[in-house]
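One structure is given below, encoded as structure tokens.
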């Protein structure tokens, strides 16, 4: 990787921003179909998604294709740059967090620890074919899923991205939590974690 992480983030944001709205929606539908075709991702339980912002791959089609017994959850920011998750259905109340991202308006006691999920769909800016991801730079997912460095899933950590977000290689930092798999509109990548 020749560019610094901040430079690479800027380049990848520009790639994502260049996608036309129709391309984004078509990619979202293709990713949802790809995920629905994976039996290992259809087990009952809590599924962590995200509210797409800044050109992230939208997950509305994924939510519509949940398997029986799966409950859709969105992240809720916590102190210490941590995430917890809360069940959410369309129409449930939302509140914008400090970054302006909608999250469920729930009591802290009704949120779930990330370890309670069976599957987490992880947003990213960039990925490589070794299962490394480049996030937005806040470290929320790496801190919240740090326990996955010590043990296998669940939850299964599946990155979702546009194919244009692939980079040749990302240098993994000690705190990075790798992905188990990744879905784009073009393919499914499994990293054998």
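Every number here is computed from the coordinates shown, using simple stated rules; none is lab data. Everything quoted here is computed from the prediction, not taken from an experiment. Cβ coordinates were reconstructed from backbone atoms using ideal geometry, including for glycine residues, and neighbour counts include every protein chain displayed.
General observations
- Gain on full stretching of the segment that runs from residue 10 to residue 112 - 0.36 nm per residue minus C-alpha separation: 33.5 nm
- For a paramagnetic label modelled on residue 65 (point 7 Å from Cα along Cα→Cβ), amide N atoms under 12 Å away are absent within segment 124-164.
- Hydrodynamic radius of segment 1-67 by the Kirkwood approach over all distinct alpha-carbon pairs: 13.7 Å.
- Helix-only CD estimate at 222 nm, as mean residue ellipticity for the chain, using -39500 (n - 2.57) per DSSP H run (n ≥ 4): -6000 deg cm²/dmol
- The label point for residue 175 and the one for residue 25, both projected 7 Å from the Cα toward the Cβ, are 3.9 nm apart.
- Label point at residue 149 placed 7 Å out along Cα→Cβ; residues across segment 45-86 whose backbone nitrogen lies under 20 Å: 78-84
- Using the alpha-carbon positions of segment 132-189, Rg (one decimal) and Dmax (whole number) come out as 11.6, 31 Å.
- Reducing segment 72-145 and segment 7-50 to their Cα centroids gives an inter-centroid distance of 15 Å.
- At full extension, residue 164 and residue 129 could sit 11.3 nm farther apart than now, given 0.36 nm per residue minus the alpha carbon distance.
- Fully extending the segment from residue 78 to residue 136, taken as 0.36 nm per residue of separation minus the present Cα-Cα distance, adds 19.2 nm.
- Largest GNM mean-square fluctuation among 102, 44, 21, using the chain with Cα springs under 10 Å: 21.
- Figure legend: label point modelled 7 angstrom from the Cα of residue 18 along Cα→Cβ; residues of segment 124-144 with amide N under 17 Å from it are 125-127.
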